[in-house]
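The structure appears right after this line, and notes come after that.
No value in this document is a laboratory result; all are computed from the given coordinates. Note that the structure is a prediction, hence the values are computed from the model and not measured. Cβ placement follows ideal geometry from the backbone for every residue including glycine, while neighbour counts extend to all protein chains displayed.
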Amino acid sequence: MFSTDSRGTSSVLATILLTGMVAIAVTASGAAVIDHSLDQSAAGHVVGQVDVGANASTVEVTHLGGDDFAPETLTAVLKSERDSVRVPFTNGTIDGDDRFVAGTTWRYDYAADLDGHLQKVYVVYTPKNDVLDVERFENRSKSENSGDSGVLDPGFAYLDTNRDTNYDDGSDVQVSTGNLSDGLSVSERLVVPESVSVEVDAGTVLSADGIYLSGTLSRPNHHSTSGLVLNATDSPLELRNGSIVSEKAQASVTLTGSRITAVDSTIAADGRVRLDTPGKVDLTRSTLRSTKDTKKATLSVTGSQIAAIGANISAKAQISLVTTGGDLDLRGVTVTVEKRQRDVVLDATGGDIDLTNATLVSGAGKSRPGPKNDLTATVDTGYGVTVTNATFVDADHELDVTPDGAAVGTASSGGVN
C-alpha cells in the first residue's frame, strides 16, 4: 500500500489559485485515498473538491464539486523509483460524462505502463504547463507483509536483489566505496543512495542490471584522462537528485541503459557527455554540462523520446538532442553553446519538438555569435516545432527549422527560418 511523506504546493492556473490541504487514509484493500480540498480562486469562488485514490495498479480521481474541466486540459504524471509516465485525462475513463465534472471519476490502470512502485504523482494543467500539485508516496507492502520494511539509504551502496530500491538485510549485498571506485560488473541492480559520495578512479566502469543513483560520483582532476561510464545493460538507469562529475581534463561521462532518467540531477564533464538509450530519456530540471573547449567534447543525448522540461544544458562544443521514435519535449529548457563555430542540433524522428518558453543560445559569452553558430530543429514531414515564447540567439538570431512550414507559434525573441 502507499503512504504520503510530503505535500505538494498548488500554483497559479490562469485566474484560479488552487490551494490544497492533503490528508491520506489507507483502506483495508490497500488503496491510499488522498483528499484534496481545493479552496477558492483569485476571483473568490469555489473551484472544487476531488478524491484521489491509488493502489498497486490503478489511479482514481473523483470530482466532488465545483468547476468543470475538459479532460484534454489535465495530465497526471506518475513516477516510480525507476520510471515515469505522462497520462492525459483523455486516456483512461471518465464515467458518466465526457468532461471531468462533479460526480464523475477518472480512472487509469498504470500497471502495464509504470515499471516499479508508484512513488510520486504530479497533476498538471497542460494549457499553462503549470504543476498544480505534487504528491509523494512510499510503498509499505513489504513492511506489512514480511515485517521487514527495508530502507532506501542504509549509509552505503548495495546490490538490490529484489529490485525494490530498499536495502534488505539478509538478501541484498553491501557494496563498498572501494568497489565503486575501482569499478564493477554485476548482474544485480546497483543502488547508490544519497549519503554515498565516491571519488572514482580513472576509467571506472560501473555495469549492473539497472542502476539507481541519488548519491555523488566524482572523477577528480588527477592521473589519466580516462572517463567514467555507467552502463545499466538492458535495464533502466535512474538518477534522482544524483551527481556525476568528471573534473579531469578531457575526461568524459557516458550513461547507457534501456532508458535513462535524470531528474533534479547533475551530469558534468570536462570532456564529452553522452547519454544513449533505445528507450525514453527524462532530464526534468537537471543540469548537463561539458566545459572543455574542443570540438570533440560534444554533449549528446539520444533516446526514443526525450523530455528535458526545465533542464539547463550547456557546453563549449556542439550540443545534440536526438529522438529516434518520438517527441523531443524541451519546454522551459535552457540550451547554451558557449563558443563560436559550435551548433545546437535538435532532431526528432517520428515526433514533434516543443520549445515553448525555451531559450537556445549558440555563441554565448561573445559580443556577437560567430557566423558559424547555428540553431537547427528538424522533424519528419507531418510533425511540428512549437516555438511559442521561445528565445533564439545565434549568428542570425533565428532557429533554422526543417521542413519549411513546420514551425508553430511565435517566439518572444529571435525568429524562425
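Numbers for the structure displayed
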| item | result |
| --- | --- |
| Residue list for the range 246-289, given a label point 7 angstrom along the Cα-to-Cβ vector of T177 and an amide N cut-off under 18 Å | 246-247 |
| The range 59-91 versus the range 152-197: alpha-carbon centroid distance in Å | 34 Å |
| Most to least packed among 409-416, 212-219, 184-191 [average Cβ atoms within 10 Å] | 212-219, 184-191, 409-416 |
| Calculated FRET value between S218 and D264, using beta carbons and R₀ = 25 Å, to 0.05 | 0.90 |
| Approximate spin-label separation D98-R285, in nm, with each point projected 7 Å along Cα-to-Cβ | 3.7 nm |
| Dipole of the range 272-417, positive direction: furthest Cα of G325, A311, P403, with charges on the beta-carbon | A311 |
| Listed residue (V387, N373, S290) projecting farthest to the positive dipole end of the range 272-417, Cβ model | S290 |
| Contour excess over end-to-end distance, with Cα ends at S412 and E398 and 0.36 nm allotted per residue | 3.9 nm |
| Likely footprinting exposure, T126, T291, fewest C-beta neighbours within 10 Å first | T126, T291 |
| S187 paired with S57, simple spin-label distance in nm, labels 7 Å along Cα-to-beta-carbon | 3.1 nm |
